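Each remark here refers to the structure printed beneath this line.
The values are calculated or read from the model by the stated rules, or taken from the named source; none is laboratory data. Given the structure is predicted, the values throughout are model-derived calculations rather than measurements. Cβ sites come from the backbone with ideal geometry, for glycine too, and all protein chains shown count toward neighbours.
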Amino acid sequence: MSNAAQDMTEKEFYDSIPNPNTKREYRNGLQRFAAWFKHSPDEILAMRKADLKNEDNFTRKRFERELEKFHAHLKAHGSATNSAKTLCGGVRQFFNYYEVGIKLKRGSAVGKSILTEKTYPLTIEDIRKIFAVANLRERIVLALAKDLGIRIGDFVKIKKADLPDLNQESPIPFDIMTGKEEVLAKGHLSAETVELLKTYLPTITDNTNAYLFPTNGEHGIDEDTLGQILKALAKKAGIIVPPNKQFTFHMFRKLFISTGKNIGVSDDVVKALCGKSVASDIRTYMTGIQWREAFSKIADVLKIQQIGNKNHARLEELEERNKKLEEQISMLWQVLDSTMKALEEKSETRKAKMNEIRKVIMRQRASAHRLKRKEE
């Protein structure tokens, strides 16, 4: 077979992978296996097909054994457990694509991975710091990313026409069909994101590029560029990322999910909101879910502007002053009421005393008249 045909075999496989990061990982794994095995991917595929036609079971499973050896080779030369699994995954997916897949034996080291936490633990306070130094376009990225919690591959594909009517009451439902698992994300847009979009969209109205984050060409912003923008913003905002942590777009997805779990939103509901797969037998019964209410609980925790931090502080100050004024007015009313009652009581006392005096004077006058008549 010609080199051109061989190239087409690989190209067809790579073209079938929509996510550029995944494509890069699989290409790296397949090419490293080919170099180690000393045969091209096309030759390896032909061998695999021939092996499967052989009646001898040991021969049919040759590449299961070769993959185990390749995995051991990777580990022996410094590859971490997860990295070795990913590289072997490129070979496995290559065989799967051409329907000559490998079935690993139970307990195989090739399929093992370990739980690691390399992603920087992003907080809403970090987002607020970044937001303060970001331009309008970057602020839209931050607001949308923390609202949707979707994968970067789905995020960069959002088009202007995909957006819902922004004149609805917030939060606004925004369903997105995800690419990796083909799951419908029951996304929403918070009030602050909607307001930012209303400001941002007029700036790209005349751009014929269909994407929400357009480039000079016909495509939207790519994943690598978006990742670089986030790293630059973090540095500008003074966020210190430890050497063993990665500042990536995936942080927003983890923040969304962990926030939902922390405040008691159902795991399946959180998954559905950000496009993670939910067991089909459960998803069937999720027809009466109050999606907006569930999202609102998460959005309340993940507010960026908080009525614009300074304004929020000012509002709290005014509310405190108003409370004190109300207390003072209440006290004044009590004093005034007591004073009025006291005055009324004094007034009644004075009237009674005046009446007594009048009666005494009238008695004295009457006595004086009687004495005068006697004298006469």
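Listed here are the residues, each with its yes/no results for (1) among the acidic types (D, E); (2) free of Cβ contacts under 8 Å to residues at least 40 places away in the same chain.
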position	(1), (2)
K235	no, yes
G238	no, no
F247	no, no
M251	no, no
L255	no, no
K261	no, yes
G264	no, yes
D268	yes, yes
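Only residues that are exposed (fewer than 13 other Cβ atoms within 10 Å of the Cβ) and under 18 Å from H188 (Cα atoms) were counted across the range 268-300, and they come to 5.
Being under 17 Å from I172 (Cβ atoms) and either modelled with pLDDT of 95 or more or touching a Gly at 6+ places or on another chain (Cβ under 7 Å) (or both) is a property that does not hold for E223. Residues that are more than 21 Å from L142 (Cβ to Cβ) and under 20 Å from the mean Cα position of the chain (by Cα) do not occur anywhere in the range 234-243.
Of the residues H73, H77, the single one that is surrounded by fewer than 21 Cβ atoms within 10 Å (Cβ to Cβ), over 30 Å from P214 (Cα atoms) and in contact (Cβ under 8 Å) with a residue 12 or more places away in the chain is H73.
Scanning the range 142-183 for residues that are loosely packed, with under 14 Cβ neighbours inside 10 Å, over 17 Å from G275 (Cβ atoms) and not charged (D, E, K, R) yields a count of 3. When the range 154-176 is limited to residues that are part of a helix (DSSP H, G or I) and under 18 Å from L255 (Cβ atoms), the one that is nearest to the chain's Cα centre (by Cα) turns out to be F155. What's the total number of residues in the range 204-250 that are touching a helix residue (DSSP H, G or I) at 6+ places or on another chain (Cβ under 9 Å), in a helix (DSSP H, G or I) and over 19 Å from K157 (Cα atoms)? Going through the range 204-250 one residue at a time, the tally reaches 3.
In this structure, is A35 exposed (fewer than 15 other Cβ atoms within 10 Å of the Cβ), without any contact (Cβ under 8 Å) to a residue 12 or more places away in the chain, of a type outside the set (K, R) and over 16 Å from T9 (Cβ atoms)?
The answer is yes for A35.
The single condition among (1) modelled with pLDDT under 85; (2) surrounded by 15 or more Cβ atoms within 10 Å (Cβ to Cβ) that M331 does not meet is (2).
Scanning the range 177-203 for residues that are part of a loop (DSSP other than H, G, I, E, B) and either of a type in the set (A, V, I, L, M, F, W, C) or at pLDDT 95 or above (or both) yields V183, S190. With respect to being closer than 28 Å to N135 by Cβ and in contact with a His (Cβ under 9 Å, 6 or more places away or on another chain), Y200 falls outside the description.
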